[in-house]
Amino acid sequence: MMATAALQVAVESKKNNGNVKYAFTCAIFASMASIILGYDIGVMSGASLYIKKDLKITDVQLEILVGIMNLYSLIGAFAAARTSDWIGRRITVVFAAAIFFAGALLMGFAVDYAMLMAGRFVAGVGVGYAVMIAPVYTAEISPASARGFLTSFPDFFINFGILLGYVSNYAFAGLPLRLGWRVMLGIGAAPSMLLALMVFVMPESPRWLVKNGRLADARAVLEKTSATPEEVAERLADIKAAAGIPKDLDGDVVTVPEGQKSKEAQVWKELILSPTPAMRRILLSALGIHFFQQASGSDCVVLYSPRVFKSAGITDENKLLGATCAVGVTKTLFILVAAFLLDRVGRRPLLQCSAGGMMVSLVGLGTGLTVVGHHPDAKIPWAVALCIASTLAFVAFFSIGLGPITAVYPSEIFPLRVRALGFAVGVACNRLTSGVISMTFLSLSKAITIGGSFFLYSGIAALGCVFFFAYLPETRGRTLEEMGKLFGMADTGMEEAEGIRGQEKVIQNPNGCKLDGNQETAATVSLS
């Protein structure tokens with residue numbers, strides 16, 4: 001006991017808290033790229049009301065305008081994969097900011113629907129860049145002891161961006177019709193400018209540096225972002241193994257083995273073309289989370305919240321936007337709750353609680369909207385109150401589970417060699433589902449009523465709850481090697497094929513206890 005206590009004291013004395021804070025700062029700055037997506041979602045919810053009036057467009061044109069960015073973002077997401085491998089993660093963040101900046105200006109100065117759609121295309125590509133690069137850089141720069149916590153931060157900043165969009169709606173709603181929505185959209189260039197400036201205090205990702213043979217530079221970054229010298233050596237060894245660099249190969253600059261290219265060619269076959277049953281289950285688990293996050297109507301509640309509240313009987317525009325701001329505040333607060341519960345409660349319980357709560361909330365929202373719809377000429381206070389309470393409850397339940405865990409869980413379950421492609425496929429599923437749902441909401445509401453739409457989404461949320469209970473294993477407190485066994489892999493092959501050590505981190509955990517999932521799962525998302 002005395003020896004263990006002495007070792008623990010020695011470890012604590014060697015920890016550099018300043019390095020940990022620096023890593024946290026860099027990870028948070030990178031996560032802020034997600035503000036771009038959040039701001040667009042939030043601001044379009046209010047701006048769409050004025051765009052329809054000013055440009056005199058139909059509901060179909062409006063829902064295409066609102067939802068098409070999700071499809072455009074696929075181009076940016078896959079382009080970011082290549083760009084980040086080519087010029088680095090750090091500069092790719094600048095690319096994301098610059099592209100969205102151009103798109104925001106185009107939308108702000110749009111004179112007609114065609115120009116507005118062109119601006120949406122450019123901004124959508126920028127959003128795709130941000131959606132891909134924010135979690136990638138965050139996971140790669142984060143110290144092992146905080147990866148799980150920090151990997152959930154991109155989702156927090158999406159919600160913070162949504163709140164900023166709502167505030168922008170409220171602040172500029174009083175401007176003349178032709179000017180108001182243009183200012184709302186154009187001012188989105190400001191967050192992207194701020195993000196580009198912040199990049200200059202961020203180091204390059206050590207993962208990218210190692211992939212390009214710059215071991216000395218990677219070691220320097222790890223020394224700035226790790227708590228102890230032991231962690232520096234361990235992280236560098238793991239990254240070298242993942243990059244295909246032999247562990248005995250050292251030096252300031254080395255040549256990355258050409259054989260790594262053939263490994264990359266095998267990734268598609270292993271994950272997509274002919275996966276094993278265990279790999280198929282991992283892929284379906286990730287795709288299931290991404291699908292149910294969007295198919296349960298989360299974007300519709302956010303994007304069309306003013307229209308939902310208007311259908312509930314709130315007709316004053318200031319009250320509409322005020323209620324919408326309350327949605328943004330609720331989402332932002334509860335994502336913070338989720339960040340602290342992820343490694344305490346576990347992923348599965350939060351997902352089931354989230355999906356179950358969303359189902360009940362959607363039933364309440366559908367009931368309230370149906371009652372109001374059947375009495376269009378009467379004020380029914382309890383139905384209006386039910387709609388507002390159900391909407392706030394929905395975004396709260398979404399933010400404690402499906403919101404952040406969609407980023408965290410896939411980064412934990414994919415083996416390192418296929419994690420990049422698995423993450424990209426998951427993002428593609430997410431954006432495609434979001435685009436389909438958001439571009440069909442208004443047409444669906446006309447076909448089966450707006451209340452009926454939310455009853456449909458509640459059924460999808462119920463299916464999601466069953467899927468999470470029956471199909472997803474719990475990953476909290478599991479090591480990376482144990483992840484494969486959870487899904488039925490007989491041998492992950494990581495220790496032999498990639499040289500990653502599987503022994504417990506005794507130096508960082510002298511009592512010999514298993515580490516938390518965020519410490520050991522090594523949620524390092526790479527775009528190989």
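The values are calculated or read from the model by the stated rules, or taken from the named source; none is laboratory data. Owing to the predicted nature of the structure, the values given are computational and were not obtained by experimental measurement. We place every Cβ from the backbone using ideal geometry, glycine too, and count neighbours over all the protein chains shown. Remember, those area values only see protein heavy atoms, side chains included, never the ligands or the DNA or RNA. Shrake-Rupley method; radii C 1.70, N 1.55, O 1.52, S 1.80 Å.
Points to keep in mind about this one:
- Residue-span extension gain [residue 316 to residue 78] - 0.36 nm each, minus C-alpha spacing: 81.5 nm
- Gain in span if fully extended, residue 463 to residue 220, counting 0.36 nm per residue against the direct Cα distance: 82.7 nm
- Counting 0.36 nm for each residue step from residue 91 to residue 474 and taking away their Cα separation leaves a gain of 134.3 nm.
- In this simple spin-label model, placing a label point 7 Å from the Cα along the Cα-to-Cβ direction at both residue 274 and residue 194 gives a separation of 5.2 nm.
- Neighbourhood net charge (15 Å Cβ-Cβ; Lys/Arg +1, Asp/Glu -1) for residue 297: 0
- The accessible area of residue 379, taken with all protein chains in place and a 1.4 Å probe, comes to roughly 150 Å².
- Residues of segment 322-428: accessible area per residue with a 1.4 Å probe, Å²: 32 Å²
- In this calculation the C-beta distance from residue 25 to residue 377 is compared with R0 = 56 Å, giving a FRET efficiency of 0.50.
- Local charge for residue 372 was computed over the other residues whose Cβ lies under 12 Å away, with Lys and Arg +1 and Asp and Glu -1, and equals +1.
- For segment 58-119 versus segment 164-211, the gap between their alpha-carbon centres in whole angstrom: 13 Å
- Distance violations [Cα-Cα > 32 Å] among 21/485; 379/446; 310/331: 21/485
- Ranked order, 377, 59, 112, 238 - accessible area, probe 1.4 Å, largest first: 377, 112, 238, 59
- Förster radius 25 Å - calculated FRET efficiency between residue 121 and residue 447, Cβ distance, rounded to 0.05: 0.35
- Label positions at residue 329 and residue 112, each projected 7 Å from the Cα along the C-beta direction, are separated by 4.3 nm.
- Accessible surface ranking that places the most exposed of 340, 394 first, with a 1.4 angstrom probe: 340, 394
- Spin-label pair residue 266/residue 389, simplified geometry with 7 Å Cα→Cβ offset, distance in nm: 5.8 nm
- Protein accessible area in segment 171-214, 1.4 Å probe - carbon and sulfur %: 75 percent
- Ranking 89, 307, 476 by solvent-accessible area of protein heavy atoms (1.4 Å probe, all protein chains present), from largest to smallest, gives 476, 307, 89.
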